[in-house]
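**Q** Okay, here's the structure, questions in a sec.
Here, each number is a calculation from the coordinates, and none is a lab measurement. Source: prediction; values computed, not measured. Cβ sites come from the backbone with ideal geometry, for glycine too, and all protein chains shown count toward neighbours.
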Amino acid sequence: MTVEYDALVYDLDGTLVELDVDWDEVTAESAAVLSARGVDTDGMNLWDVLETAETRGLRRKVEDIIETHEREGARTAARLPLADELPVDVPVAVCSLNSEAACRIALEMHGLDGHVRALVGRDTVETEKPDPEPLLAAIRGLRTQPSQTLFIGDTQRDRRTAQQAGVPFQHAEDRIDLLR
């Protein structure tokens with residue numbers, strides 16, 4: 001299964017685990033920070049709110065809200081079938097849009113932390129997915145090459161990240177089908 005790649009990088013939420021987070025609630029709480037300062041947040045998703053908070057000097061305040069929910073949700077995250085693939089015979093990293101702290105908690109809660117050599121969360125590097133830098137940072141942490149590393153994720157954002165980084169991509173559902 002892993003012999004054709006020198007390393008694997010997994011997304012976390014929706015791939016290895018499902019964080020127990022009400023994302024609508026997180027979005028509403030985060031948007032309230034901007035709304036209280038007169039910013040119209042109608043139609044914004046969480047990532048729009050975070051981006052807008054960045055431009056208004058409010059990113060840390062919004063990040064704190066998001067990360068608090070993520071850490072709590074990591075403690076009660078559901079383990080997904082793809083987590084049963086670990087351990088594998090090549091180095092493994094996690095590259096996630098979730099905070100690094102939440103990723104660590106979720107990995108520890110499910111006994112996966114010992115199988116992960118490198119971890120890059122939303123707050124580990126200066127940019128987040130779909131920018132390629134987080135994925136490339138995870139790959140550097142594994143000391144392998146992008147073309148020899150498979151990124152496994154569950155969203156179009158993950159796919160775009162891989163494309164922009166020049167990294168082969170596999171959708172989590174397709175990989176689960178191979179395990180059956």
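**Q** Below 8 Å between Cα atoms, with a sequence gap of 6+, how large is the relative contact order for the range 23-75 in percent?
**A** In percent, rounded to a whole number, it is 38.
**Q** How big is the range 88-180 by Rg and Dmax over its Cα atoms, in Å?
**A** Expressed in Å, the Cα Rg and Dmax of the range 88-180 come to 12.5, 38.
**Q** Taking the alpha-carbon set of the range 23-75, what are its Rg and Dmax in Å?
**A** 10.4, 34
**Q** Relative contact order, percent, of the chain when contacts are C-alpha pairs under 8 Å separated by at least 6 residues?
**A** 27 percent.
**Q** Once Lys and Arg get +1 and Asp and Glu get -1 on their Cβ, which of Val49, Gln156, Ser96 lies farthest toward the positive end of the dipole of the chain?
**A** Ser96
**Q** Highest mean first, what order results for 33-40, 131-138, 73-80 on Cβ atoms within 10 Å?
**A** Result, highest mean first: 131-138, 73-80, 33-40.
**Q** Counting each DSSP H run of 4 or more residues in the chain as -39500 (n - 2.57), what helix-only mean residue ellipticity at 222 nm follows after dividing by all residues, to the nearest 500 deg cm²/dmol?
**A** -13000 deg cm²/dmol
**Q** Still on this structure: For the chain, what proportion of DSSP beta bridges, expressed in % and rounded to the nearest 5, is antiparallel?
**A** The antiparallel fraction comes to roughly 10 percent.
**Q** On to the next question. Which value in nm describes the separation of the simple spin-label points at Asp123 and Trp23, placed 7 Å from the Cα toward the beta carbon?
**A** For the pair Asp123/Trp23, the computed spacing is 2.0 nm.
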